[in-house]
Amino acid sequence: MLDVIHITKSYRSGRGHLKALDQVSFTAAPGQAVAVAGRSGSGKTTLLHCIAGLEVPDEGRIVCHGKDIFQLPEKERQQWLRTGVGIVFQSGNLLSYLTVSDNIAFPLQLGGWPRGDIVRRVDELLQRIALPHAGGALPHELSGGELQRVAVARAMAHRPRMVLADEPTASLDTATAAEVVKLLMGVCRQENTILLMSTHDQAVMAAADRTVSLMDGRIDNTPPGNR
Amino acid sequence: MKRMAFWLRVAVLFLVRSGRVTLVLALMIFTAVTALVFLSSLATGVNDAMIRNTVGLYTGHISGANLPAALTPETLQVDGVRRVLRRYPIPGMLRAGSHLVPVTLVAVAPAAEAAMTGLPRKVIDGRYLAPASDQILLSAYLAEQLGVTTGSSLFFVDGRTQSEDGFTVSGIYRTEVDRLDYGVAFVAERERDADREPWQAAIFLDAGASPERVTARLEKRVPGDAVFQSWLDRMPDLRQLIDLNRVSMNLVTLLVFSVVAIGVACAFVVVVLKNLREYGIMRSMGVTVGDVACLIGAEILFLSILAALGGVLAGGLIVGLVAHTGIDLTVFTSHNRYFTLSGIIYPRATVYALAIPPLMAVGFSLLAAIWPIALIAHKKVADILRMV
């Protein structure tokens, strides 16, 4: 279970004090896919960063499976990032000098998985993303859709409690985007993982179990038809 | 350990798959190490040449004085000694017509002297002494003072016995070394000289033998009034020059690697900036700053070790190629008293010349890792992910 409780985050910028998130609260259950929607600058990425533990909010708490992320000591927070969270970015997800297999195995190596288990898990995921023979390929040899599928595999590799996808379909065509979202949701459902996807793509919102809309850093409760 | 092995593997993959960057950085380190191995070997060769020229002209590596007649050259043949030349100094006056010049006449064994010293090669007129002859070898200065030339006759008045011997000038030499060019003349030793004392010794050492250690051995073997002095004590100016040469070489090495380190640091910073997103993604997966430091450090370490080893091999190869033929720098040394015999430099690769450049390359390259590591450590992961 993920509890996002009254998260507030401000930045200082050239334009003064900017409130990126203001008292944002919601929950997500394991296996549930939540779309975090909103225009550019609405605070979607900041929210995802806060949930991942990459940014510390000014106020509020993030509790995932009973763990208050920001009460954890630094070392445990790093451990949480390594084992509890999987992240898919918009693009440029993979480490360019590692093969597809090595990229998928990366979080498993960090987590200290035994070699045999790593090989099995990578093979399983390569099958799952329908790239069974691409293990030895380098990222530059793959198409955009294939790259995102590998990114999904890597985010899921270490069986995290939660997967955060920051605009995972933004750089893809409609058909490929649908394919990637389907894969992402399928894997998360199967592994009972919480999935949060920031997006402004209506198709992604429609596919998600529910949508949390942000407007200027606040939860926007206006019905979609009236926005 | 397993984690370290993982990062080392990632570092190797990075280097292998970042071909051009790796090649450019490696080339920079490789070139610097190659050049410095060669320059260090050349500096050693210059030092060797100065010592060889200076001790090889006349004095030997160690001079022995106040040696009693009962002592034979064989007695001085301790470990590290190649050959001992016996010389009998006789103070007196040279007389040619009305010209009279004070001189120290040195009776020598011409064949042995010709084999071991460079003086016979400094004869500018006539020839060197013939064994057991009544010939005398004069410096150009003495010949001028006495008004004699090759083939002239002159007399030597022994300062102790006042006896007078006649000689024929066999040749005239010039060394550019004051001690030999003024006040000394040479004659071939004769049987009667064997009883003279004290005699002097010019002791030549085996290659690599330590003058200090051999001097200590000689002092132990010949107690009493005998005095042994290595070239290190006898020629503090040469010793200083050699030390100066070494210090200069170390400074050059330091400067070159400082520049190389800045180059490596700049190049790695560019690489890090280019791959900043990848580092951000890594850190978003829980990779710590320590892990990133380990990764960048390992990348630079592998790169510098490989490039430095290549540089040592290339530098060693170049030194090997010119070590036998030598480099003729006579045009720059012909008027220098430390190069009286030859201006040919034979570069010599010492352990120091082979070890210091690569060690400094690796050390400075690791220092160069600090900047890119600090760059990554300084930035927040969220900022990196947002900015790229």
> In nm, to one decimal, how far is the B:L306 label point from the A:S143 one, both placed 7 Å along Cα→Cβ?
Replying inline: 3.5 nm
>> What translational diffusion coefficient, to the nearest whole µm²/s, does chain A have by Stokes-Einstein, given a Kirkwood radius computed over alpha-carbon pairs, a temperature of 20 °C and 1.002 mPa s viscosity?
In response: 119 µm²/s
> B:H335 to B:K2: FRET efficiency via 1/(1 + (r/R0)^6), r the Cβ-Cβ distance, R0 51 Å, to the nearest 0.05?
Replying inline: 0.15
> When the dipole is taken about the Cα centre of the protein assembly as shown, and only Lys, Arg (+1) and Asp, Glu (-1) are charged at their Cβ, what size is it in debye, to the nearest 20?
Replying inline: 1880 debye
> Buried accessible area for the A:B pair, summed, 1.4 Å probe, in Å² rounded to 100?
Replying inline: 2400 Å²
>> Accessible area per residue for chain A in Å², computed with a 1.4 Å probe and the full protein assembly in place, what is it?
In response: 44 Å²
> If one computes P(r) from the Cα atoms of the protein assembly as shown, what percent of pairs lie at distances over 36 Å?
Replying inline: 58 percent
> Roughly what % antiparallel, to the nearest 5, for the DSSP beta bridges in the protein assembly as shown?
Replying inline: 65 percent
>> Based on Cα coordinates alone, diagonalise the gyration tensor for segment B:62-208, multiply each eigenvalue by 5, take square roots, and list the semi-axes in whole Å, largest first.
In response: 26, 18, 12
> Stokes-Einstein at 4 °C, 1.567 mPa s, Kirkwood radius from Cα pairs: D for segment B:194-322 in µm² s⁻¹?
Replying inline: 62 µm²/s
> For segment B:62-208, what is the relative contact order in percent, using Cα pairs closer than 8 Å and at least 6 residues apart in sequence?
Replying inline: 39 percent
> With all protein chains present, how much of the accessible area of the protein assembly as shown (probe radius 1.4 Å) comes from carbon and sulfur, to the nearest whole percent?
Replying inline: 58 percent
> GNM on chain A, C-alpha springs below 10 Å: top fluctuator among A:A29, A:A208, A:A175?
Replying inline: A:A175
>> Under a crude label model (7 Å from the Cα following the beta-carbon direction), how far is B:E74 from B:L321 in nanometres?
In response: 4.9 nm
> Where does helix A:144-157 land angle-wise versus the long Cα axis of chain A, in degrees 0 to 90, nearest 10?
Replying inline: 90 degrees
> Using alpha-carbon positions, what is the distance between the centroids of segment A:103-138 and segment A:19-55, in Å?
Replying inline: 29 Å
> Put a dot 7 Å past each Cα toward the Cβ at B:D225 and A:A170; how far apart are the dots in nm?
Replying inline: 9.9 nm
>> Could you report segment B:62-208's accessible area per residue, 1.4 Å probe, as an integer in Å²?
In response: 46 Å²
>> Normalised radius of gyration for segment A:94-227, please: alpha carbon Rg relative to 2.2 N^0.38 Å, two decimal places.
In response: 1.14
> Roughly what angle does helix A:74-84 make with the longest principal axis of chain A, taking Cα atoms, 0 to 90 degrees, to the nearest 10?
Replying inline: 60 degrees
> What is the calculated FRET efficiency for B:D206 to B:R234, with r their C-beta to C-beta distance and R₀ = 22 Å, to the nearest 0.05?
Replying inline: 0.70
> Out of residues 5 or more away from B:L329 or on other chains, whose amide H comes under 5 Å of its own, with H placed 1.01 Å from N in the peptide plane?
Replying inline: B:I344, B:I345
> Where in segment B:43-147 are there trypsin sites (Lys or Arg not before Pro) that are in a DSSP coil and have at most 14 other Cβ atoms within 10 angstrom of their Cβ?
Replying inline: B:R127
> Do you know which residues of segment B:259-281 lose at least 30 square angstrom of accessible area in the protein assembly compared with their chain on its own, with a 1.4 angstrom probe?
Replying inline: B:R277, B:E278, B:I281
> Per-residue accessible area for B:F156 at 1.4 Å probe radius, Å² rounded to 10?
Replying inline: 10 Å²
> Given a Förster radius of 30 Å and the C-beta distance between B:I344 and B:E144 as r, what FRET efficiency does 1/(1 + (r/R0)^6) yield to the nearest 0.05?
Replying inline: 0.45
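The values are calculated or read from the model by the stated rules, or taken from the named source; none is laboratory data. Keep in mind that this is a model prediction, so the values were computed, not measured. In this analysis, Cβ positions are derived from the backbone assuming ideal geometry, glycine residues included, and neighbour counts consider all displayed protein chains. Just so you know, the surface numbers come from the protein's heavy atoms only, side chains and all, with ligands and any DNA or RNA stripped out. Shrake-Rupley method; radii C 1.70, N 1.55, O 1.52, S 1.80 Å.
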